[in-house]
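Here is the structure we will look at.
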Amino acid sequence: MTMMSEPKASRLLLAVLLVGAAAAAGGHDDAVARRTMEEFAGFPASDGGEGPSTAFRVDSEGLQRQIDELASFSDSPAPSVTRVLYSDKDVQARRYIKGIMNQLGLAVREDAVGNIFGSWEGSEAGLGAVGTGSHVDAIPFSGKYDGVLGVLGALEAISLLKRSGFQPKRSLEVIMFTSEEPTRFGISCLGSRLMAGIEELAQSLRKVVDNQNVSFLDAAESAGYKMDPKDLQSVFLKKDSYSAFIELHIEQGPILEKEGIPIGIVTAIAAPASTTVEFEGNGGHAGAVLMPARNDAGLAAAELALAVEKHVLESGSIDTVGTVGILQLHPGAINSIPSKSHLEIDVRDIDEKRRNDVIEKIRRSATEISKNRGVVLSEFKIVNQDPPALSDQSVVEAMEFAAKQLNLEYKKMISRAYHDSLFMASITNGYDLHPLLQRLQPQARGVCIARGHDEWGEGPSLDNG
């Protein structure tokens, strides 16, 4: 990994994001914030009108109001949020985000698939920009903070810097990524994968359809993104397009909440490999076919599901996890022996070789099970095998420094959920980090949480990533 030669801009942005967390938590200290600003801004924080304002304070109430307003663009009733790619509600949310960017005086642009960029030009714009952001699309009946916190939180950080009189040396850019969730077309992190230049994705988007048989290209056009298939390559960005990328995100896990720690500093992002498996056997009446004569595709699937657990546990690492998230049987009747079964398996690890070794063991087990049970292994397909990413040490150190300056307790940790930052790592010079926020107290008025759901019963906020 290439270390950043000049980390001040990313450090400052990190500090401001943490100032927001501290303000919402009620632990914010103006004096500490001003000293942090002085350290990274390059000019003194005075009360005489030059430099940052004395009131170096995040508008946590305004940020919460924006989060609530964005949550109203939903196809499911509150408190849940449903906002699927290129739907009317998604289009309204995009318009809302662009409106805030314009109000802040950012230069707003969109690429062919609708990744939205709000840029604040630095005094030395030729230097690589510092990027931050996340997504606002939402799976059915999710919570209102997933992804949204990383977009609106970043915009509030920019707003605070502008209010404080700061002028960045490097350009700062907030990105709202298209379709981090795979809800509509089964592809997670669609926008950031394209930005990272994944040619296979650009080719598959030419022909992929949703469950209503609407093509990706037609869906995009309905949302105002009419494109020729060759326009998909225009989304690709060059390597080292950014000097650093930072993603603020809720944890979506129990660790920080259980330990009572507000901030998680991500040192590595575990990446998944997704596999689909299908068995074909012989159907029949549940009462008429005796047990010795059966070739049950359902039992083959059940046996393989247990094999997944076995191989993951045998890896010897707590960082290896495996999930059979989908198991479907055909014809799906209580009195019918399954003639077909379909499994979708997710295996994750921060060690790519160890993860791939587990997948190979699963494949061998599938082959053995098919022979022993007299069924056909008709498919064993690795859908994706993304590499994990390590956060750049310079960004991790900047995050630690900012947390210490603001007297915030933190924990270094692995992100076992992945987000757009996993793919931004490949086009970022200084690499990426996504700091995770745990739960802030209800009276904190502003930012949120951990666990696999949003705070205060806002509905599940499951991460496909």
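The values are calculated or read from the model by the stated rules, or taken from the named source; none is laboratory data. Note that the structure is a prediction, hence the values are computed from the model and not measured. Note that each Cβ is placed from the backbone with ideal geometry, even for glycine, and that neighbours are counted across all protein chains shown. Remember, those area values only see protein heavy atoms, side chains included, never the ligands or the DNA or RNA. Shrake-Rupley method; radii C 1.70, N 1.55, O 1.52, S 1.80 Å.
Given their separation in residues at 0.36 nm each and the Cα-Cα distance between them, residue 267 and residue 328 gain 18.3 nm when the chain is fully extended. On the stretch 194-253, 48 percent of the accessible area sits on carbon and sulfur atoms, based on a 1.4 Å probe. Each label was represented as a point 7 Å from its Cα along the Cα-to-Cβ direction; for residue 288 and residue 125 these points are 7.6 nm apart.
Using only the C-alpha atoms, the convex hull of the stretch 338-424 corresponds to 135 Å³ per residue. All Cα-Cα distances of the stretch 123-202, cut into 5 Å bins from zero to the largest, leave 3, 14, 18, 20, 16, 13, 9, 5, 2 percent in each bin in turn.
Surface composition of the stretch 57-170: carbon plus sulfur atoms contribute 49% of the solvent-accessible area (1.4 Å probe, protein chains only, all chains present). Among the protein heavy atoms of the stretch 265-378, carbon and sulfur supply 54% of the accessible surface, probe 1.4 Å, non-protein parts ignored. Using θ = phi - 60° in the Karplus curve 6.51 cos²θ - 1.76 cosθ + 1.60, the 3J(HN,Hα) couplings for the stretch 235-248 round to 6, 4, 10, 6, 4, 6, 5, 10, 7, 7, 9, 10, 10, 8 Hz; x is entered for Gly and Pro.
Label point 7 Å out from residue 59 along Cα-to-Cβ: which residues of the stretch 95-113 have amide N under 13 Å? Of the residues in the stretch 95-113, 100-105 have backbone N under 13 Å from the label point off residue 59. For the stretch 303-399, the solvent-accessible area of protein heavy atoms averages 53 Å² per residue (probe radius 1.4 Å; ligands and nucleic acids excluded).
Three principal axis extents describe the C-alpha atoms of the stretch 283-356; from largest down they are 48, 21, 15 Å. Distant-in-sequence amide contacts of residue 178, defined by a placed amide H-H separation under 5 Å and a gap of 5 or more residues or a different chain, comprise 115, 116, 191, 192. Past the 25 Å Cα-Cα mark, which pairs from 144/258; 144/353; 353/381? Over 25 Å apart, Cα to Cα: 144/353. Averaging over all projection directions, the Cα-based convex hull of the stretch 290-435 occupies 11.8 nm² in the image plane.
Summarise the long-distance tail of P(r) for the stretch 234-368 by giving the % of C-alpha pairs beyond 25 Å.
Distances greater than 25 Å cover 49 percent of the Cα pairs.
The phi torsions of the stretch 319-335, fed into the Karplus equation with coefficients 6.51, -1.76 and 1.60 and a -60° offset, translate into couplings of 7, 8, 9, x, 9, 9, x, 9, 9, 10, 10, 10, x, x, 10, 5, 9 Hz, rounded to whole numbers, with Gly and Pro shown as x.
Residues in the stretch 363-371 carry Karplus couplings, in order, of 4, 5, 5, 4, 5, 5, 4, 4, 5 Hz; the curve used is 6.51 cos²θ - 1.76 cosθ + 1.60 with θ = phi - 60°, and Gly or Pro positions show x.
With +1 on each Lys and Arg Cβ and -1 on each Asp and Glu Cβ, and nothing else charged, work out how big the dipole of the stretch 162-217 is about its Cα centre, in Debye to the nearest 20.
400 debye
The stretch 127-179 to the stretch 332-348: how many Å between their Cα centroids? The stretch 127-179 and the stretch 332-348 have Cα centres separated by 41 Å.
Computed over protein heavy atoms with a 1.4 Å probe, the accessible surface of the stretch 89-148 works out to 33 Å² per residue.
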